């Protein structure tokens, strides 16, 4: 158990819909990272937050957005979903960006 | 952000030592080198991190030459359960830094 909790574990939704993925970081970790991993693909970095502020942005689509709340949990919002958005979405947390701990992921299936 | 280059795949047999080398020619002075392991459908898991020379923990060793332009992850006596993708990351850490950008990684297949 990494200490990072992601909910839900699985999500099936239809094209055009909007979903919210939630991440609770390890206690005390200020940084939260979001990644997308499609089948047999690498980890695509989406976005990083540090203590509530956006710190770095990767290949995140305009249809996607994220935020980190004062209690440090984070949410990734995916809207106008397309079939190609089906993937595993991982959240990771770190206290200083060195050793990061990953959650078990949310498997999103868009039908 | 230093770019890393690793072999796409490697094969080994149980009980052998496996060495995976990562090239990072543009590593910056304050960059660290970190390795992660990922099993299918699971989040990556931290293996080891180092700055220079050699670092060893209970699962692996990390060798970094003086010029720091490459690093080698050494897995002693691998087993079937070590079959996974291994990622090499280079970046500065501390505070709000921490560029966790993953490359394609090295897919290690351990055979009986």
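Coordinate-derived values only; no laboratory data. Everything numeric in this text was worked out from a predicted model, so none of it was measured. FYI the Cβ positions are ideal-geometry reconstructions off the backbone, even for glycines, and counts take in every protein chain you see.
Summary table
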| quantity | calculated |
| --- | --- |
| Debye log10 I(q)/I(0) for region A:1-110, one point scatterer per Cα, at q = 0.21 Å⁻¹ | -1.10 |
| Within 10 Å of each Cβ in B:32-45, the average number of Cβ atoms from other chains | 4 |
| Of every Cα-Cα pair in region A:64-111, the percent that sits beyond 16 Å | 51 |
| Stokes-Einstein D (µm²/s) once Rh is taken as the Kirkwood radius of the protein assembly as shown over alpha-carbon pairs, at 25 °C in 0.890 mPa s | 136 |
| Virtual paramagnetic centre 7 Å along Cα→Cβ of residue B:53, amide N under 20 Å, in region B:1-45 | B:29-35 |
| For chain B, diffusion coefficient by Stokes-Einstein and Kirkwood Rh (Cα), 25 °C, 0.890 mPa s, µm²/s | 174 |
| Zero-based 10 Å bins, Cα pair distances in region A:1-60, whole percents | 18, 45, 33, 4 |
| Label-point separation, residue A:27 to residue B:67 (7 Å along Cα→Cβ), nm | 4.7 |
| Relative contact order computed over chain B (Cα-Cα under 8 Å; 6+ residues apart), in percent | 36 |
| Most to least packed among A:61-67, B:28-34 [average Cβ atoms within 10 Å] | B:28-34, A:61-67 |
